[in-house]
1. Which of ILE356, ILE140, ILE295 moves most in a GNM of the chain, Cα contacts under 10 Å?
2. Tell me the per residue accessible area of the chain using a 1.4 Å probe; a whole number in Å² is fine.
3. Per DSSP H run of at least 4 residues, take -39500 (n - 2.57); add these up for the chain, divide by its residues and hand me the 222 nm value, nearest 500 deg cm²/dmol.
4. Please state the relative contact order of the chain as a whole percent: Cα pairs under 8 Å, 6+ residues apart?
5. Enter the accessible area of ILE260 (Å², nearest 10), with the probe set to 1.4 Å and all protein chains included.
6. Using r as the Cβ-Cβ distance of GLU388 and ARG180, and R0 as 30 Å, what FRET efficiency do you calculate, to the nearest 0.05?
7. Step through the residues of region 375-383 one at a time and calculate ³J(HN,Hα) from phi using the Karplus curve (6.51 cos²θ - 1.76 cosθ + 1.60, θ = phi - 60°), rounding each to whole Hz and writing x for Gly and Pro.
8. Around SER15, which amide H atoms from residues at least 5 apart in sequence, or from another chain, sit under 5 Å from its own amide H, with H modelled in the peptide plane?
Amino acid sequence: MKVVIMPKLDLAMDSGSIVEWFKKEGESVKEGEPILTIMTQKVTTEITSPANGVLHKILAEVNEEVPVGEPIAVIAEEGDDIEAVNKQVKEILEKRVSAKVEVKEVVEEVKEEVKEIELKEEERVRISPAARKLAEEYGIDIQQIKGTGPQGRITKEDVLRVVEELKAKKGKIIPITGIRKIIAERMSLSHKIIPPVTYCMEVDATDMVAVRRMFKERENIDLSYNTLIIKAVAKALLDYPIFNSTVEGENVRLIDDINIGLAVATDYGLVVPIIHNADKKEDIRELDKIVRDLIERARQNKLSIDEVTNGTFIVTNLGMFKIDIFTPIIFPDQVAILGVGRMVEKPVVADGQIKIKPILTLSLTADHRVIDGALAATFLNRVTEYLEKISSLVQ
């Protein structure tokens, strides 16, 4: 018997949602065969069977949110004692029910406390009986109404004013669900726990343009600017490893591998494929192939779990959308993220003359708990230096 559990695919993952079961209870499964799809904060991915046998019991339904490590199915293998398997399934279900009851009790206790606080707060609100009744009819929280009567007393007219304001706000409601909901939760968490500061710097992209032209003329290769940026960032992360780290409680853990994620907009949401060990991809052609392949398969929703996990730093490029500068949000288990704006020709004073040069703007957002302004500026300068002399890093 094998128990299928919700896997932990990255440091920040604490739960996943069931998207689809490919098999029904009682159907045969083979080891390595996809049996369901889950959705995490980063990707929708398939989970394979850990053994040959029969899908004996599904423990989590579609759309159910399951914590990492919790059982989601049981595979009965050939020769298993079915009574023993059923007994173990029963124990799992009983344990889950017990846990839910405990959570429910805690939630109910909190609700009661909140209710008491709300009642006490409501008692302090000055409101006429007619206004209170009207507010109840329209389901309006009287805490949100500004009273204009004596000593701030809420009048019937105050309630009617709020009613009209709410009517004016009516429109189409779009629920936040699926991967959009997960992104919303992770980004909200980031802003809640990380004090971010964003630093911007312009880059003279003359050498980047020249290198790209050289590869096109010499080898008929359309080298991606994203590839050149990842090359420069990987090199800078080697120089400043603190930017390739994660906060663990009261500690900062430097990560040995430099795994750079590249944010990709797709039809089903934002996906961040990872270029693992980007610093070790010496050949720019090899790096370019990897980047292009990951982007293409991200758009087709064909990335594997390994290709979207264990990222240590993210590059997000909005240049193709004509964005010059923006403030990217750090992923919760990282300490910095680099935004890339569009490349435009600008007049630049150089050697006492006004010259027209291709310029792009970098936006580095860093976790101020770990990285101070001077250090962030130094790192951003280093990335800029590498980009402005990128021909020295490629052949």
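The values are calculated or read from the model by the stated rules, or taken from the named source; none is laboratory data. Predicted model, so just to flag it, every value in this text is computed and none were measured. Because the Cβ atoms are built from the backbone with ideal geometry, glycine has one as well, and the counts that use them run over all protein chains shown. The accessibility values were calculated without ligands, DNA or RNA, using every heavy atom of the protein model including side chains. Shrake-Rupley method; radii C 1.70, N 1.55, O 1.52, S 1.80 Å.
1. ILE140
2. Value for the chain: 56 Å² per residue.
3. Values: 8 runs with 142 residues, N = 395.
Mean residue ellipticity at 222 nm (helix-derived): -12000 deg cm²/dmol.
4. With pairs under 8 Å counted, the relative contact order is 15 percent.
5. Accessible area, nearest 10 Å²: 0 Å².
6. The formula returns an efficiency of 0.20 here.
7. Per-residue couplings from phi come out as 5, 4, 5, 5, 5, 5, 4, 5, 4 Hz.
8. Amide H neighbours of SER15, under 5 Å, 5+ apart: VAL68.
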